[in-house]
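Enquirer: Please read through the structure below; I'll follow up with questions.
What follows is calculated from the coordinates using simple rules that are stated; it is not laboratory data. From a predicted model like this one, the values you see are computed outputs, not experimental measurements. Positions of Cβ are generated from backbone atoms using ideal geometry, with glycine treated the same way; all protein chains shown enter the neighbour counts.
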Amino acid sequence: MPKQSFEPKKSFDIGIIPIGDIPQLILDVIAAHIVEYMNLEVRFMPDMAVPIQAWQQSRQQYDAGRVLRCIDGRTRGDVEKLLGVLAVDLFIPIFTHVFGSARQGADCGIVSIYRLADHPQERTAPTPRLLERSAKVAMHEIGHLYDLVHCEDNHCLMHFSGNVEELDQLPVFFCRYCLSFLKQHPK
Ligand SMILES: [Zn+2]
Ligand SMILES: [Zn+2]
């Protein structure tokens with residue numbers, strides 16, 4: 001069945017959902033980066049508890065795919081895509097851990113600050129470095145939500161990073177190819 005062409009545009013592009021106890025400063029910095037660098041409109045959504053059904057006892061970690069499915073079930077109102085922010089250790093089956101997760105072109109993504117802090121106490125009292133890393137991962141995952149794939153260019157935010165050292169090497173912006181792709185995305 002063809003999609004109705006007169007479907008009204010959603011009022012907000014990205015809804016940020018705090019999952020568990022996340023410092024407001026981290027949420028604000030992530031939101032500011034999405035607005036400023038990606039030219040998207042952001043609103044904060046009601047928070048939710050860390051979904052206990054995503055806990056995997058054998059790995060002592062949370063299954064990123066299951067967390068995403070819990071977010072997907074949330075009512076999103078006038079928001080196009082959802083970004084959950086949490087502070088627990090995430091995995092997907094092929095990796096020991098991930099900083100975040102979002103399928104290409106999907107409606108929701110997640111970012112965890114768990115491994116972005118150099119010291120556990122930073123998760124409650126964020127340092128500038130933690131704030132920058134959180135914003136980078138958030139923008140990377142949102143790039144996936146708007147159909148971007150990993151970029152070969154290691155001076156681009158869509159370049160894959162598997163550890164914080166690699167993440168710190170990345171700039172807080174997209175290469176011109178990824179940026180032009182983002183700009184072409186129909187809003
Ligand atoms: Zn990625
Ligand atoms: Zn790129």
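Enquirer: For the range 116-162, what are the residues that are closer than 15 Å to ALA106 by Cβ and charged (D, E, K, R)?
Expert: Across the range 116-162, the qualifying residues are GLU141, ASP147.
Enquirer: Select from the range 74-101 the residues that are more than 15 Å from VAL50 (Cα to Cα) and either within 16 Å of ligand 2 (Cβ to nearest atom) or of a type in the set (Lys, Arg) (or both) and list them in ascending order.
Expert: If the condition is that a residue be more than 15 Å from VAL50 (Cα to Cα) and either within 16 Å of ligand 2 (Cβ to nearest atom) or of a type in the set (Lys, Arg) (or both), then ARG76, LYS81 are the ones that fit.
Enquirer: Right, something else. Return only the number of the condition from (1) within 11 Å of ligand 1 (Cβ to nearest atom); (2) in a loop (DSSP other than H, G, I, E, B); (3) hydrophobic (A, V, I, L, M, F, W, C); (4) under 21 Å from ALA87 (Cα atoms) that LEU116 does not satisfy.
Expert: The number of the failed condition is (1).
Enquirer: Can you pull out every residue in the range 68-94 that is in contact with a helix residue (DSSP H, G or I) (Cβ under 9 Å, 6 or more places away or on another chain), among the hydrophobic types (A, V, I, L, M, F, W, C) and assigned to a loop (DSSP other than H, G, I, E, B)?
Expert: Correct list: ALA87, VAL88, ILE92.
Enquirer: To continue, here is another question. Would you mind finding the one in ARG115, ARG76 that is under 27 Å from GLN57 (Cβ atoms), over 13 Å from the mean Cα position of the chain (by Cα) and not aromatic (Phe, Trp, Tyr)? Don't jump to the end; show me each part of the working.
Expert: Numbers: ARG76 fails: under 27 Å from GLN57 (Cβ atoms).
That would be ARG115, the only listed residue that is under 27 Å from GLN57 (Cβ atoms), over 13 Å from the mean Cα position of the chain (by Cα) and not aromatic (Phe, Trp, Tyr).
Enquirer: Return the total of residues in the range 68-94 being within 16 Å of ligand 1 (Cβ to nearest atom) and free of Cβ contacts under 8 Å to residues at least 60 places away in the same chain.
Expert: Count: 6.
Enquirer: Filter the range 125-163 for residues that are away from ligand 1 (no atom under 12 Å from the Cβ) and surrounded by fewer than 13 Cβ atoms within 10 Å (Cβ to Cβ) and give the result.
Expert: Listed by number, the residues that qualify are ALA125, PRO128, GLU152, HIS155, ASN163.
Enquirer: Still on this structure: So which residues in the range 168-187 are closer than 14 Å to ILE34 by Cα, more than 10 Å from ligand 2 (Cβ to nearest atom) and not basic (Lys, Arg)? Give the steps one after another, and end with the answer.
Expert: Keep residues of the range 168-187 that are closer than 14 Å to ILE34 by Cα, which gives 172-174, 179, 182-183.
Imposing the further condition that a residue be more than 10 Å from ligand 2 (Cβ to nearest atom) reduces the set to 172, 183.
Of everything in the range 168-187, just one residue is closer than 14 Å to ILE34 by Cα, more than 10 Å from ligand 2 (Cβ to nearest atom) and not basic (Lys, Arg), namely VAL172.
Enquirer: Under 25 Å from GLN61 (Cα atoms) and under 17 Å from the mean Cα position of the chain (by Cα), is that true of LEU157?
Expert: Answer is no for this residue.
Enquirer: If you go through the range 122-178 one residue at a time, how many are assigned to a loop (DSSP other than H, G, I, E, B) and acidic (Asp, Glu)? Steps first, please.
Expert: At the first step, the residues of the range 122-178 found to be assigned to a loop (DSSP other than H, G, I, E, B) are 124-127, 146-163, 170-175.
Restricting the remaining residues to those that are acidic (Asp, Glu) gives 147, 152-153.
Count: 3.
Enquirer: Now, a different point. Which pairs have Cβ atoms under 8 Å, sit 6 or more apart or on different chains, and link a residue in the range 51-62 that is assigned to a loop (DSSP other than H, G, I, E, B) to one that is β-branched (Val, Ile, Thr)?
Expert: Hits for this filter: PRO51/ILE19; PRO51/VAL67.
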